[in-house]
Amino acid sequence: MKVARFHAPGDIRVEEAAEPVAGPGEVKIRVRNCSTCGTDVKIFKHGHHHIKPPRVMGHEIAGEVVDAVDAVGWAPGDRVQVIAAIPCGNCQECRRGRMTVCPNQESMGYHYDGGFAEYMVVPAKVLAVDGLNRIPTGVGFAEASVAEPLACVLNGQELARVGEGDDVVVMGSGPIGCLHVRLARSRGAARVFLVDINAERLETAAGLVRPDAAVHGGDVVEQVLKLTEGRGPTSSSPPRPPGRRRNRHCGWPRARAGSASSAACPRTPRSSAATPTWCTTAN
Ligand SMILES: [Zn+2]
Ligand SMILES: [Zn+2]
């Protein structure tokens, strides 16, 4: 079978590999879709301290079960999505249900061969933490493979309390930004404005997700104030407009009373809408 293996920064090879064999408690899947994450691009350029090459990359994985050996509850033909980060299930954080901040996390495509392959084995460790998800009817493999990024976006909008009637500003028009626009709409936002410093990328994204306005260049804050009749957004995500100073209390420099903001960062369980932890995403 063919795989895409990371050998060194700048050196990913599409090469032949023996088809993997599932061991006891493991599940072998035929990969039907494995999306490219922004992190994959970073790994390609710089490597990663958790990857000891050679390693098959890819962690946004969806496929179908071809061999379940003795893994209870799974059978050939099952359509599945695989979690990207694998919590240990045993530490204090995991036992308290805060698996996203498990300090012993490992990841598909980093510690284990990932989904840039025709077939791959889902480690028993994934099954032990209930990390193999059944894809519902009506959801395609490509859609299922972005379940993890969408979960991050969902978490962000829950923290920012995006809801009915909100004016939402999304900064960054990559895949994560596009998901933010669509999710804000489905949560009942009145208007969604998409901002980016890259005009070409913004135009492509705006064509796909149709924000109420695509904002680029000049003073972004002034433009959004104009679009919102001088009131500013009720929600912004991520919170800091490009080029603006960081502000620990509210990302939008002149936010409307009662507004909230959210940063794209899945590993910040203590952050709240009022005091987001500052992370930026290249996605
Ligand atoms: Zn990713
Ligand atoms: Zn843990």
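What follows draws every value from the coordinates through simple rules; no lab data is involved. In this text the structure is predicted, and so the values were computed from the model without any measurement. Here the Cβ positions follow ideal geometry from the backbone for every residue, glycine too, while neighbour counts run over all protein chains shown.
Across region 95-103, rounded Karplus estimates of 3J(HN,Hα) from the backbone phi angles (6.51 cos²θ - 1.76 cosθ + 1.60, θ = phi - 60°) give 5, 8, x, 9, 5, 5, 10, 4, x Hz, Gly and Pro being marked x. Shape class for region 1-51: prolate, because the ratio a/c of the largest to smallest gyration tensor axis (alpha-carbon atoms, square roots of eigenvalues) is 1.5 or more and a/b beats b/c.
The stretch between His49 and Arg95 holds 13.9 nm of extra length on full extension. This uses 0.36 nm per residue minus the Cα-Cα distance.
In straight-distance terms, cross-link reach from Lys52 covers every one of the lysines whose alpha-carbon lies under 21 Å from its own, apart from those fewer than eight places away in the same chain; here that gives Lys2, Lys42, Lys125. The amide H of Asp167, built 1.01 Å from its N in the peptide plane, has Ala190, Arg191, Thr234, Ser235 as neighbours under 5 Å, considering only residues 5 or more places off or on other chains.
The slack between Val66 and Val41, meaning 0.36 nm per residue of separation minus the straight C-alpha distance, is 6.1 nm. Label separation (Thr204 vs Ala75): 4.3 nm, computed from points 7 Å beyond Cα along the C-beta direction. Once the Cβ-Cβ distance of Ala190 and Ala142 is raised to the sixth power relative to R0 = 41 Å, the FRET efficiency obtained is 0.85.
Under 1.5 on a/c is rounded, so check that first for region 2-145, then, if it is not, pick prolate when a/b is larger than b/c and oblate when it is not; a ≥ b ≥ c are the square roots of the alpha carbon gyration tensor eigenvalues. Oblate shape, in that a/c is at least 1.5 and b/c is the bigger or equal ratio.
Quote the FRET efficiency, to the nearest 0.05, computed for Arg182 versus Ala124 with a Förster distance R0 of 30 Å and r equal to the Cβ-Cβ distance.
The pair Arg182/Ala124 has a calculated efficiency of 0.30.
Subtracting the Cα-Cα distance of Lys226 and His111 from 0.36 nm times their residue separation leaves 36.5 nm of extension gain. Hydrodynamic analysis of region 66-207 uses the Kirkwood radius over alpha carbon pairs. Inserted into Stokes-Einstein at 37 °C and 0.692 mPa s, it gives a translational diffusion coefficient of 188 µm²/s.
Couplings for region 146-155, taken from phi via the Karplus curve 6.51 cos²θ - 1.76 cosθ + 1.60 with θ = phi - 60°, read 9, 4, 5, x, 5, 4, 5, 5, 4, 4 Hz in order; Gly and Pro are left as x.
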